[in-house]
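The values are calculated or read from the model by the stated rules, or taken from the named source; none is laboratory data. Note that the structure is predicted; figures quoted are calculated from it, not measured. Note: ideal-geometry Cβ built from the backbone for every residue, glycine included; neighbour counts use all protein chains shown. We work out accessible area using only protein heavy atoms, side chains counted, and drop any ligands, DNA or RNA first. Shrake-Rupley method; radii C 1.70, N 1.55, O 1.52, S 1.80 Å.
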Amino acid sequence: MNEQQRKEMGSIQQPEQDKTAKDKPLKEKTTEDFAKYFETTYQPPSLKSAKKRGKEDVSVHYDFEIPEDLKGLGNGKKFLIRTYGCQMNEHDTEVMAGILTDMGYESTSDQKEADIILLNTCAIRENAENKVFGEIGHLKSLKREKPDLLLGVCGCMSQEESVVNRILQKHQFIDLIFGTHNIHRLPYLVKEALFGKEMVVEVWSKEGDIVENLPRERKGNIKAWVNIMYGCDKFCTYCIVPYTRGKERSRLPEDIIQEVRQLAAQGYKEVTLLGQNVNAYGKDFEDMTYGLGDLMNEIHKIDIPRVRFTTSHPRDFDDRLIEVLAQGGNLLDHIHLPVQSGSSDVLKIMARKYTRERYLELVDKIRTAMPNATLTTDIIVGFPNETEEQFQETLTLVEEVGFEGAYTFIYSPREGTPAAKMQDNVPMEVKKERLQRLNAVINHQSAQAMKKYEDEIVHVLVEGESKNNPDVLAGHTDKNKLVNFRGPKSIIGQIVPVRVTKAKTWSLDGEMIEAVEVK
Ligand code: SAH
Ligand code: SF4
Ligand code: F3S
């Protein structure tokens with residue numbers, strides 16, 4: 001299918017069938033009723049079917065619309081969405097907030113005031129899931145006090161069969177569960193949950209479509225997220241994302257460019273292009289000749305001061321992208337390039353599809369084209385059977401590349417992924433100790449990198465008051481370093497020069513030079 005044919009004007013996909021049984025309200029069912037219900041009517045989400053990658057075409061829909069009768073459904077009512085996941089998850093929250101706002105709901109941060117609370121969940125590690133189940137437990141008493149409160153669970157956890165079953169069986173006070181592919185169905189789902197007596201469950205395991213014109217209620221008016229693609233086809237053996245987010249599908253360049261142009265016109269200063277594997281952008285287009293480099297090249301020409309992108313996968317990071325990024329301008333030279341491990345053997349069983357050497361070659365190429373580039377990364381320690389030597393290879397790689405920051409994690413087995421079936425002989429204490437040793441190296445490198453900025457002038461996009469002190473302003477440099485300094489509130493939203501007075505491990509203190517905007 002070519003790009004033109006992708007722009008299908010047909011109507012947005014509707015549910016294949018009613019996925020909730022109708023014989024007796026779910027909330028009144030006994031354990032036997034449940035057993036029968038599961039055997040007969042209920043269609044759970046399935047990681048197995050989510051895994052299949054068919055050759056179905058990707059259709060792009062431009063006809064999202066909230067029916068008139070659902071538009072006033074939230075009048076006089078308030079919503080609260082808690083977000084547990086990555087940037088993509090955060091951005092989904094902005095879309096859901098947009099939909100609820102268009103339905104008449106108002107946002108609140110006070111859960112006592114809320115008429116609808118949604119938990120936008122993350123399934124990446126076990127502790128992310130535990131947090132959500134903890135919160136579900138807390139919400140039970142709130143629901144008891146306020147029976148009309150509508151409670152919903154969405155995001156990546158709702159794509160997992162085990163999670164949906166656990167909620168159906170143990171947390172029947174939840175009113176609504178919907179998946180990452182069902183966000184555009186929110187108006188209908190809310191209506192069903194409000195007026196039906198049953199728990200509403202709608203989770204599509206597979207999705208190949210893109211819905212373009214969803215409303216968005218963005219958090220703030222300085223920095224914005226822009227999806228460039230959805231899903232992931234990489235299937236790293238430890239990772240749940242390809243199952244919870246479906247297959248890789250790219251938005252059309254013109255839709256992305258139009259969104260970035262609009263954001264620029266609205267005065268946004270920074271956009272972050274989002275995808276789980278942004279370097280695979282365009283690989284699902286029929287002719288496969290347009291990639292992330294080409295897209296960035298066009299965005300480079302748009303009058304918006306800062307453009308970032310995340311997350312890169314080393315395997316698909318190509319020369320064209322490096323050449324485009326080397327032009328600089330609004331394309332910033334901070335690259336987040338998750339490596340996961342410094343051992344080629346571990347990388348192999350992670351199915352990352354590159355070796356230590358290939359990764360280092362890529363870093364070399366980036367540094368040659370962009371001598372000032374800074375690199376940050378993601379690392380997993382304690383992958384099944386990781387040896388001390390293999391872990392040390394991670395430490396030496398971290399030093400060799402000179403990462404200035406890293407998100408580091410202890411491996412967490414995810415049900416349904418290949419790695420979860422691997423036997424593991426590394427005790428948890430050893431994993432914890434490795435994480436500490438790795439963090440010590442990362443902290444040291446971050447602090448060293450920060451030190452270099454002392455007495456230098458950096459350009460800071462002022463984002464608002466510092467979290468810890470309302471008298472202090474906070475913002476980030478083009479290399480994404482957090483800077484705290486005193487200045488008038490009137491410069492919030494501007495990029496200003498700041499002299500760095502003191503370097504800390506993860507942030508810089510500074511003083512404003514003058515309240516003039518730089519570009
Ligand atoms: N798409 C991105 C990152 C997605 S998840 C990429 O490919 O890099 C963010 C990070 O979570 C990953 O980079 C990885 O370091 C970590 N992660 C993913 N699955 C994990 C698991 N099962 N256990 C521990 N960390 C995990
Ligand atoms: Fe997960 Fe790998 Fe896809 Fe990243 S590239 S989302 S780690 S499967
Ligand atoms: Fe979590 Fe889903 Fe993002 S699993 S990291 S919220 S894609």
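Summary table below
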{"item": "Binned Cα-Cα distances of the stretch 457-512, short to long, each 5 Å bin given as a whole percent", "result": "5, 24, 39, 25, 7, 1"}
{"item": "The chain: relative contact order as a whole-number percent, Cα under 8 Å and 6+ apart", "result": "11"}
{"item": "Å² per residue, accessible surface of the stretch 247-314 at 1.4 Å", "result": "33"}
{"item": "Trypsin sites (Lys or Arg not before Pro) within the stretch 431-497: DSSP coil, no more than 13 neighbouring Cβ in 10 Å", "result": "LYS452, LYS467"}
{"item": "Along each principal axis, Cα extent of the stretch 379-519, largest first, Å", "result": "59, 31, 26"}
{"item": "Residue-span extension gain [PHE133 to ALA420] - 0.36 nm each, minus C-alpha spacing", "result": "101.2 nm"}
{"item": "Summed residue charge, Cβ within 10 Å of THR180's Cβ, Lys/Arg positive, Asp/Glu negative", "result": "-1"}
{"item": "Loop GluC sites (Glu not before Pro), the stretch 49-107, which have at most 16 other Cβ atoms in a 10 Å radius of their Cβ (DSSP)", "result": "GLU56, GLU65"}
{"item": "Carbon/sulfur fraction of accessible area - the chain, other protein chains in place, 1.4 Å, %", "result": "48"}
{"item": "Probe 1.4 Å, protein heavy atoms only - accessible area per residue of the stretch 369-490 in square angstrom", "result": "49"}
{"item": "Sites matching trypsin sites (Lys or Arg not before Pro) across the stretch 194-299 that sit in DSSP coil, with at most 13 neighbouring C-beta atoms within 10 Å", "result": "LYS197"}
{"item": "Where no second cysteine Cβ lies under 4.7 Å, the cysteines concerned in the chain", "result": "CYS86, CYS122, CYS154, CYS156, CYS232"}
{"item": "Rel. contact order, % - alpha carbon contacts under 8 angstrom, at least six apart, the stretch 58-172", "result": "26"}
{"item": "Accessible surface, per residue, of the stretch 71-201 when the full set of protein chains is kept, probe 1.4 Å, Å²", "result": "38"}
{"item": "Relative contact order (%) - criterion: Cα under 8 Å, at least six apart; region: the stretch 278-381", "result": "26"}
{"item": "Three principal axis lengths of the chain [C-alpha, angstrom, descending]", "result": "70, 56, 50"}
{"item": "Given charges at beta-carbon only (K, R positive; D, E negative), |dipole| of the chain in Debye", "result": "940"}
{"item": "Unsatisfied cross-links (Cα-Cα over 27 Å) in the set LYS206/LYS234; LYS348/LYS504; LYS131/LYS283", "result": "LYS348/LYS504; LYS131/LYS283"}
{"item": "Formal net charge of residues neighbouring CYS86 (Cβ-Cβ distance under 12 Å; K, R +1; D, E -1)", "result": "-1"}
{"item": "Long pairs among LYS452/LYS489; LYS146/LYS219; LYS77/LYS140; LYS52/LYS481; LYS247/LYS481; LYS170/LYS219, criterion Cα-Cα beyond 30 Å", "result": "LYS52/LYS481; LYS247/LYS481; LYS170/LYS219"}
{"item": "The stretch 216-451: radius of gyration and largest Cα-Cα distance (Dmax), Å", "result": "18.5, 56"}
{"item": "Residue-wise HN-Hα coupling along the stretch 276-292, computed from phi with Karplus coefficients 6.51, -1.76, 1.60 (Hz; x: Gly, Pro)", "result": "6, 8, 4, 6, 8, 4, x, 5, 8, 6, 4, 7, 6, 9, 10, x, 4"}
